[in-house]
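Only the coordinates and a few stated rules stand behind these numbers; no lab work does. Remember, it's a predicted structure, so these values are computed and weren't measured experimentally. Cβ atoms come from the backbone with ideal geometry, glycine included; neighbour counts cover every protein chain shown.
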Amino acid sequence: MEAIRPGVDATGAVSAMVLAIGQPSFPDVLIDSLRTIAGVGHCMVFTFADQRSARCLLSTGNIAIGPDLGAAYSEHFHTADPNREAIFQRAKAQHILLPNFARRMYPRGYRKLFFEDSEIVDKAATAIWVGDHCTYVNFYRTAAQGGFAADERQRITAVAPVVAAIVARHCQEHAAVADPADKLASLFAAGGPLSVLTAREKDVCRRILDGFSSEAIAGELGIALNSVFTYRKRAYEKLGIASQNELFAIALRLMTAPRPLN
């Protein structure tokens, strides 16, 4: 790839991202490279496996509440994102360049949280399907920066397919080496069979899967031992199981089986 214009080293920026794939430094390298290419202030990456759920994979840049926005989007606001329609209409497409940003595209509650409270004034977005998962990459500009200039938007559009592929590859490699405890924790936040449990029932079941004894669970959660037994019994009844081994079987199935695309 050649530099997009004099003074913008797109080749060097893209090379830096490629070399950082799978490394802890990747988020910092990503945002530094995007700043070099097009003055991007913040980048957030989400993944979809179906239309019911989303997960924030990465948030890096100059928005202090970025992690909170990522969590809010994953838990609720992804259903109000107008880009979802284009993403799922073009499921399995190798690359999707999403429409230019316009506030009127978004519902009022979405606009307040993601644009007013966070001071986001402009964004560009791209997506790529790899297998049955979509990686959705968002590039933001804040009030302190102002919107993307025409040449900046042109540059981010030009590199978007490459950036999406790099980010998707990094997220795949990162997931492959993710700590098992993190994978286990994600099961209780991603819906599915375990979503029927209350917060406290999830607390107990997660610690059972982590190998805690009933006494240790009571101590860590600050509850009575009998309460642990009660929460465990209720959780098992909701899940239709009767033993710890069956709980482990559910967790193993969720951690290893691919999620179908709807």
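General remarks:
- Prolate/oblate/rounded call for the chain, Cα gyration tensor, a/c under 1.5 rounded: prolate
- Rounded to the nearest 10 degrees, the inclination of helix 66-75 to the longest alpha-carbon principal axis of the chain is 60 degrees.
- Segment Lys233-Ala199, extension gain: residue separation times 0.36 nm, minus the distance between their alpha carbons: 10.8 nm
- Scoring 231-239, 31-39 by mean Cβ neighbours within 10 Å over their residues and listing the highest first yields 31-39, 231-239.
- Long-range lysine pairs (8 or more apart or interchain), the chain, Cα under 26 Å: 8
- Using alpha-carbon coordinates, inclination of helix 199-209 to the longest axis of the chain, degrees: 80 degrees
- By average C-beta atoms within 10 angstrom, highest first, the peptides 149-157, 219-227: 149-157, 219-227
- Packing order of peptides 79-86, 120-127, 67-74, 158-165, highest average first: 120-127, 158-165, 67-74, 79-86 (average count of other Cβ atoms within 10 Å over each peptide's residues).
- 222 nm mean residue ellipticity, helices alone, for the chain (DSSP H n ≥ 4; -39,500 (n - 2.57); rounded to 500): -15000 deg cm²/dmol
- Helix 10-20 axis, angle to the chain major axis (alpha carbon atoms, nearest 10°): 20 degrees
- Cβ-based charge dipole, the chain, positive-most Cα from Gly66, Ile96, Ala168: Ile96
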